[in-house]
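The values are calculated or read from the model by the stated rules, or taken from the named source; none is laboratory data. Just so it is clear, the model here is predicted, and its values are computed rather than measured. Positions of Cβ are generated from backbone atoms using ideal geometry, with glycine treated the same way; all protein chains shown enter the neighbour counts. With ligands, DNA and RNA removed, areas are computed over all heavy atoms of the protein, side chains included. Shrake-Rupley method; radii C 1.70, N 1.55, O 1.52, S 1.80 Å.
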Amino acid sequence: MKVYVKSQSGKWLMPTNPANARILLKQGKAKVIQRTPFAIHLLYETTEHIQPVTVGIDDGGINIGIAAVSNGKVLFQQEVVLRSDVKSKLDTRRQYRKSRRNRKTRYRKSRFLNRKSSIPTCKVCGGNAPASQVICRSCLNRADGVHQKYAKIKKSVFRIPPSIKAKKDAIIRVVKQIPLPICRIVLEDLYFDFQAMENPDISGEQYQHGDLLYHKNFKQACLVRDKFRCRVCGAQTKLQCHHICAGAKGGTDKLSNLMTLCDLCHDRHHKEGLKLPKQKSSFYMSAAHVQQGKHYLQAKLSRIAPLRTTFGYITSHFRNNAGIEKSHVNDAVIIADKQASPLDRQIQTKHVQSRKRSLHEATARKGRKTPNRTQKRNNKNVFTLKDFNRWDTVQYKGRVGFISGFTGSSSCYIVDIKGNYIKNPMKTYKQVDLREISLICKNQTIISQ
């Protein structure tokens, strides 16, 4: 284990061992500034000599690996779990706002294009720009170095959805919070050929011959593929297209996610759990998120430190030669330094929602005029109770966890970093009395262990 050190002037220095940190704290020459990872702040002047530190990042759709290496030694390892509920939260907010406008101002003229993000304008000339770009076509064509005004414009500057932007901004925040003097950043650049992932032998004109080449829609293509027969009983009437992975769980309308069923088998599957024949269904949502937001991530990381990119096959080659197990953190170590060896311990970080949305509490129930704030069913939305806040790091019976919610007037739920409940082994319920826990530190949107 290493203890990270910040100088008196506020600059990160090279880490020290716990024994030296214990002596400095005991003598009053340093103070603790954070718990995970453990770091101290020096209270006296000292030299600020540092060694070059390289940060390697293994990007992903949900799990991210980050490692810092200096002179062949790993100084920092962290696995980050990003939020994947941003889109659903935005959809919920949109639904509440839409219903509220309909109740309060039902005769108001529609103004759904009055937001800045809804009006694509060119950042150079102020004219109209395509929906996915921030530069109009005329300025994009003139960005060839002819005029100094357009010399620094890059064609890779695009808008990205809020859900992807939230993930990339989370990575950027984690990199900025690394308690080491960062000298260089190495990021794994990813290129995905989704059609080749479906059919490795695809080539030439086959890229233009998709699943809908001779069909109107995916439903017709699914029926033709299954020869207009139910995949379970073989019926040829009242056929329906069943989604193997529901749209609410991230499923798509791709042909690999559809299966032909009759109405009876379809109904039995959803109500009685009828087993369906196995069919390989591939989803590339995480890969699409990584590829769509990589230019935004590269542009932001290059402002922190000099950025260099590498490729996955290079990382895989050196990892296999060293006999290292595949994981996001191990890949990040290889990305930072191909000769380094990962540590046994690592920091696990998870991004969470700081507060629960309570927009529905301001909406009066049907037939009533008062808001729902006083309803008992809204007690679950309490985010603070008796000086404890949601996601605070606490200790209970020798185990460290995080408060995930409150119940009643003096109880809470405690979970570990993986979401498993921490409870009294002698009891069957999950609630824990607040008088039996002790506060370690307070958190807001990030929990680490």
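Across the protein chains, with a 1.4 Å probe defining accessible surface, the residues Asp344, Asp392 rank Asp344, Asp392 from largest area downward. Remark: spin-label model distance Gln353-Ile172 equals 2.4 nm, labels positioned 7 Å along the Cα→Cβ axis.
Averaged over residues, the count of other Cβ atoms within 10 Å places the peptides 260-268, 19-27, 207-215 in the sequence 260-268, 19-27, 207-215, highest first.
Summing Lys and Arg as +1 and Asp and Glu as -1 over all other residues whose Cβ lies under 14 Å from the Cβ of Phe192 gives a net charge of -4. Estimated at the nearest 10 Å², the accessible area of Ile244 is 70 Å² with a 1.4 Å probe. Pairs spanning more than 29 Å between alpha-carbon atoms, out of Lys216/Lys271; Lys2/Lys326; Lys6/Lys168; Lys89/Lys427; Lys11/Lys326; Lys219/Lys271: Lys216/Lys271; Lys89/Lys427; Lys11/Lys326. Per the Debye calculation on the stretch 1-83 with a single equal scatterer at every Cα and no solvent contribution, log₁₀ I(q)/I(0) for q = 0.11, 0.15, 0.23 Å⁻¹ amounts to -0.35, -0.62, -1.12. Loop-located chymotrypsin sites (Phe, Trp or Tyr not before Pro) in the stretch 1-108 (DSSP state not H, G, I, E or B) with no more than 12 neighbouring Cβ atoms inside 10 Å: Tyr44, Tyr107. Across the alpha-carbon atoms of the stretch 224-336, the computed radius of gyration and Dmax are 21.9, 63 angstrom.
Among the protein heavy atoms of the stretch 390-449, carbon and sulfur supply 47% of the accessible surface, probe 1.4 Å, non-protein parts ignored.
Two numbers describe the Cα atoms of the stretch 245-296: Rg and Dmax, which are 14.9, 48 Å. Of the trypsin sites (Lys or Arg not before Pro) found in the stretch 285-334, those in coil by DSSP whose Cβ has at most 14 other Cβ atoms within 10 Å are Arg303, Lys326.
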